[in-house]
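Undergrad: Starting off with a structure, shown below.
What follows is calculated from the coordinates using simple rules that are stated; it is not laboratory data. Source: prediction; values computed, not measured. Cβ atoms come from the backbone with ideal geometry, glycine included; neighbour counts cover every protein chain shown.
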Amino acid sequence: MSKTQTSTTLSATALALALGTALTLSAAPAAAADDNEKCFGVALKGKNDCAAGPGTSCAGTSKTDYQGSAWKYVPKGSCEKTASPTSPTGYGQLAAFKDKQS
């Protein structure tokens, strides 16, 4: 086998491994979402998961503790049992909400 063929084989192998890793990692959040639910109003400042509301762009961008437009994944069934001092009910919500005024 020539040096060029060896380099080509190694490059193809590296590409295949990288692609496999990327596909595995992209499937991980979907699997996590099956056992979890988005819970609004329970994340601490800068600790939200992706896709928060106005004033944020993605994970870790919430501006205040318990922001009603920011969500965090929690185990299914636990959201509405988790304390949220900004929520109208005092607990996390399954949809974004306007923070109650103190």
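Undergrad: So, by mean Cβ neighbours within 10 angstrom, what's the order for 79-87, 93-101, 41-49 with the highest one leading?
TA: 41-49, 79-87, 93-101
Undergrad: While we're here: Along the Cα→Cβ direction, 7 angstrom out, place labels at LYS63 and LYS81. What is the inter-label distance in nm?
TA: Reported label-point gap for LYS63 and LYS81 is 3.4 nm.
Undergrad: Sticking with this structure for a sec: Testing the spin-label approximation: label points 7 Å from Cα along Cα→Cβ at LYS45 and LYS100. State their distance in nm.
TA: 2.2 nm
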